[in-house]
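> This is the structure, below, for whatever I ask next.
Throughout, read-outs are computed from the coordinates displayed, never taken from laboratory work. What you are looking at is a predicted structure, and each value in this text was computed from that prediction instead of being measured. A quick note on method: Cβ atoms are made from the backbone with ideal geometry, for glycine too, and the neighbour counts reach across all protein chains shown.
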Amino acid sequence: MESAISKTRLPSLSQLRAFAAVAEYRHFRDAAAAIGMSQPALSGAVAALEEALDAQLVERTTRKVIITPLGERVAQHARGVLSGLHALTDEVEASRRPFTGPLHLGVIPTVAPYLLPVVFRLVRDRYPELELNVHEERTPQLLDGLGSGRLDVLLLALPGGRGTADIPLYDEDFVLVTPPDHPLAGRADVPRDMLLDLEVLLLEEGHCLRDQVLDLCREVPGGTRAAGLPTLVQLVAGGLGVTLLPATALDVETSRSPQLAVARFAAPAPGRRIGLSHRPASARTPEYHRLATALREALRPLPVRITD
């Protein structure tokens, strides 16, 4: 035997919209005027809905409109469907407006403490509708998150990774940090090849800064490692060797201890380039370029060279 469900056809949005208006106004003429339909069209839409559902929703009399008990429940569902549709279209429309909704930003640990205050102030002042979610992770994890869609855009040392689109922000020099009694302490013209003769302390594996420093020098004997830059400079203060810091980290990290001195390299100094990385096919690519332009201006007070 054919079930009742098989006889039911899915109603159209225009039918639901017409019936929801009738249920609200309890008058065909008023309901038609409220949604911009003619009264015959609205009556036809309600009748078509009843036919599609094979159920009576409205009792029609000469004096008033009565909604049946089933009609009241259908009207509630109709309002929910129409509300959900409006929410859907509003969300899509919002996605077309730049700097609205959630944005998941991945940042490497050797950038996060020094740049995030600038980033958050920029977002707060210029993009109040942007919901910025920051994820501080090492480079391999950030690239995995970008590829999986967990992250939207990365702030890291460039090049970002295979298959990413990169937007440069600035270049910064590396600065040599030593104990105060080190022979190079205070010098402003250290040749970069002298790094080959120094015991340079390194970050743990997974930090891109570690790889960049290894391109310049040898590892410290004994394999001393640090999880972050604060630990690294404290090892230097303890007389265990020297290390390289990015210029943006220098003031913050060397202020932690008086047992540190700074030496600068002769030009051209070694350094790194920092920028944004994103998926090339991202629909938000124009937004990332606009964000990069704003970030360059906001970062000009830092000891960096903006890449225009």
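> Net charge near V153: determine it from the other residues with C-beta under 13 Å of the C-beta of V153, scoring Lys and Arg +1 and Asp and Glu -1.
Within the 13 Å Cβ shell, the charges total +1.
> Give the order of R150, R279, R63 when sorted by the count of other beta carbons within 10 angstrom, beginning with the fewest.
R63, R150, R279
> Now, a different point. Mind putting a number on the dipole of the chain about its Cα centre? Charges go on the C-beta only, +1 for Lys and Arg and -1 for Asp and Glu, and I need it in Debye to the nearest 20.
Rounded to the nearest 20 debye, it is 1100 debye.
> Quickly work out the E205-to-L85 label distance, labels modelled 7 Å from Cα along the C-beta direction, and quote it in nm with one decimal.
Using points 7 Å along Cα→Cβ, the separation is 5.7 nm.
> I've got another one for you. What angle, in degrees between 0 and 90 and rounded to the nearest 10, separates the Cα long axis of helix 69-96 from the longest principal axis of the Cα atoms of the chain?
So the helix axis and the longest Cα principal axis differ by about 30 degrees.
> Using the number of other C-beta atoms within 10 angstrom as an exposure proxy, rank R264, R300 with the fewest first.
Listed from fewest to most nearby Cβ atoms, that is R300, R264.
> Moving on. Quickly estimate the mean residue ellipticity at 222 nm for the chain, helices only: each DSSP H run with n ≥ 4 gives -39500 (n - 2.57), and the total goes over all residues, rounded to 500.
So the helix-based figure for the chain works out to -13500 deg cm²/dmol.
> Kindly express, to the nearest 10 degrees and within the range 0 to 90, the angle between helix 112-126's C-alpha long axis and the longest C-alpha principal axis of the chain.
With both axes taken from Cα atoms, the answer is about 40 degrees.
> Further, regarding this structure: So if R0 is 30 Å, what FRET efficiency would A283 and D215 give, r being the distance between their Cβ atoms, rounded to the nearest 0.05?
0.25
> Using 7 Å Cα-to-Cβ label points, what is the D30/A52 separation (nm, one decimal)?
Distance between the two pseudo-spin positions: 2.5 nm.
> Hey, in the GNM for the chain with a 10 angstrom Cα cutoff, which one of V107, V119, V22 fluctuates hardest?
Fluctuation is largest for V22.
> Moving on to the next point. How tilted is helix 139-148 with respect to the longest principal axis of the chain? Cα atoms for both, answer in degrees (0 to 90, nearest 10).
It works out to around 20 degrees.
> How big is the charge dipole of region 139-266 about its Cα centre, in debye rounded to the nearest 20, if each Lys and Arg gets +1 on its Cβ and each Asp and Glu gets -1 on its Cβ?
180 debye
> Out of residues 5 or more away from E199 or on other chains, whose amide H comes under 5 Å of its own, with H placed 1.01 Å from N in the peptide plane?
Placed amide hydrogens put V242 under 5 Å from E199.
> Arrange the following residues from fewest to most other Cβ atoms within 10 Å of their Cβ: R284, R60, R17.
R60, R284, R17
> Could you calculate the contour length gain from D171 to R150, that is, 0.36 nm times the residue separation minus the distance between their Cα atoms, to one decimal place in nm?
Going from the current span to full extension adds 4.8 nm.
> A follow-up question, please. Which distance in nm do the two modelled labels at E72 and Q234 give, with both placed 7 Å along the Cα-to-Cβ direction?
It is 6.8 nm.
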